[in-house]
1. Taking every residue in A:151-157, how many Cβ atoms of other protein chains lie within 10 Å of its Cβ, on average?
2. How many angstrom lie between the C-alpha centres of region A:243-260 and region B:233-262?
3. Measuring from a point 7 Å past the Cα of residue A:136 along Cα-to-C-beta, which residues in region A:85-106 have an amide N at less than 15 Å?
4. Provide the packing ranking of A:66-74, A:92-100, i.e. peptides ordered by the mean count of other C-beta atoms within 10 Å per residue, highest first.
5. How big is the shadow of the Cα convex hull of region B:202-262, averaged over all directions, in nm²?
6. Once the cut-off is 25 Å, how many percent of the Cα-Cα pairs in region A:49-208 end up in the long-distance tail?
7. I'd like the projected area of region B:100-171, averaged over all directions, using the convex hull of its alpha carbons. Report it in nm² with one decimal.
8. Once fully extended, how much extra length lies between residue A:44 and residue A:32, figured as 0.36 nm per residue of separation less the alpha-carbon to alpha-carbon distance?
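Only the coordinates and a few stated rules stand behind these numbers; no lab work does. On a predicted model such as this, the values are computed, not experimentally measured, just so you know. Cβ coordinates were reconstructed from backbone atoms using ideal geometry, including for glycine residues, and neighbour counts include every protein chain displayed.
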C-alpha cells in the first residue's frame, strides 16, 4: 500500500461532538493549541450562540471550518413532518452561511413505519427541495451513507453505491457524498465506489474513527483510530487516489471517551492520527 | 404484493435457540403440541445427549429436522486455529448425519486481526476443505450472510451477493445460501439477489424474526415478527417466487423473551407467524 503516515496535522479536523463535554470555544482553543487545523461543527454546539461571531472566533483560532453537521432526516410517513424537515434543512443552510461552513453533511433519515423505498424517495425529494437554497447560498451537501444497523431510523442510504446513485441522479455540482470508514468499512464494493466518487468529483468529506471488537453500544462506542479493525490507511489510499486532498475528520461518539479528561483524549486523538490514520 | 398469510403451521419451523431456556426434549414436546412441524437444532442443545436418539425423539414427535446450526467460523490468523475450525466442521457434519439433519447452516466467521479479504479467502478454503465430507455424508451446507454489524468477528460475508458469489464459485450442488431477514432486510439488492439464488437452485433456508426500533443489544434483542420494521411478507414473496417451498424458520435471540414463560412465548410466535410472516 503506497501511503504514508501523516507527518503533520495540516489535514486533521475534529468534529465538535468528538469532544462533546467541551463548549465550542473551549474545543476551538484546545484544537488550535494542539496544532489541529480543521473543525466540523455540530449544530448542537451552536445552540444559544451568535453563529456569525462563532464562525469568526473559529477562524481567529486559525481553524478551517470544514462542515456543518448535520442536515437530513427527510423521511417521515406524515407529510407535515417532511415539510418540517425541509424547513429545518433550509435553516441549516442559513446557519452554514452564517458560520462560514462550505458544506453540510446529510444524515438522510428513515422512518421505520414505512418502506425503505419510500424513505429513499423522500430523501431524494427532500434534497431536491432544498437544492435551490443551497445553490443560492453556495453551500454544498454531502450525502453520508450510514451503516446498515441504522437503516431503521437514521438513514435508508446504507452503502456508498446508494449514495453515489443518489448524488448522480440529483445532477448538481453541489451534491456529493461523505465517506465515513465506520459506516462503510465492511462493504466489499467500497474501493470501486470510492473510485466512482472520484470520477464524478463528488467526494466531499472523509470521516475517520475505528470499529471496536466488541462494540458495546450501537451508537456511542466508536473507537480511536488503531483501536479496532478498520483498515483506515488502506481506505485513505483509495480516497486520495481520487484526488481528494481535504481534511481527515475525526468523528468519535463514545461514552467512554466523553467521561475522560478531554485534553488527555485530544492528545490520544493526535497520536492515533499520526500512527494509524 | 401477491402473497397470503399462512393458514396453517405446516411450514413453520422454530430454532431451539429461540426457546433457549427449554432443553431440546421439552422444546420438541411443546413445538409438536402447538402444531409446529419443523425444528432446527442448535449444537448446544445436543451437548451431553445421544445425538442419534435425539433425532429419533424429534421424529417421533412428528417434527421435521430442518437444519443443524451452526458450522463455519473458518477464519483465523493462526493456521492451527483454522485447522481446528475445519475439524469442528467435520464433526458438525457427523452430528448432522447422526441427527438426521439434511443441512448445516454456516456462520462463516471473521477475525478482526486480519483483513476481510483474508477472512473471505479462508472461508472459501474452509468450505472447500469439508466439501468431500459433506458430499460423502449427503449433508448440504448453507452460507448465511450476516448483518454488516457482525463483520468484525462473526462473518466476513455480509450481503447475499457475496454469499451467492461464494456458493457459485464453489460449484457444488451441496453448497447454497440461507436468507435471514434480520441480516439482509436493509440491502437494496435483496430482491435481485434472492432471484439469483433461485436461478441457481441454491436457496436452502429462510429465517425470520424482526428488527426492533430501537434495538438495545447488537446480538440479543431480536423481535417477534410484526414487532419491527422488516417487510417479512414482501421478502417471503421474493423467496417463494424462486420456487422455494421449505420451512419458515423462526430464529429469535432475545434476552427479553428468554426471561418470559416459554409456553406463552411460543404462543406469541405462532400468532406472530400467522399475522405477520
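1. Details: counts 8, 10, 4, 0, 1, 2, 1.
Average neighbour count from other chains, rounded to a whole number: 4.
2. 38 Å
3. Hits in region A:85-106 for residue A:136 at 15 Å: A:87-98.
4. On the way: A:66-74: 26.7, A:92-100: 20.3.
Output ranking for A:66-74, A:92-100: A:66-74, A:92-100.
5. On the way: hull surface 19.3 nm².
Reported value for the Cα convex hull: 4.8 nm².
6. Details: 3611 of 12720 pairs.
So the pairs more than 25 Å apart make up 28 percent of the total in region A:49-208.
7. On the way: hull surface 19.1 nm².
Mean projected area of the Cα convex hull: 4.8 nm².
8. Values: separation 12, 0.36 × 12 = 4.32 nm, distance 2.06 nm.
The span from residue A:44 to residue A:32 would gain 2.3 nm if fully extended.
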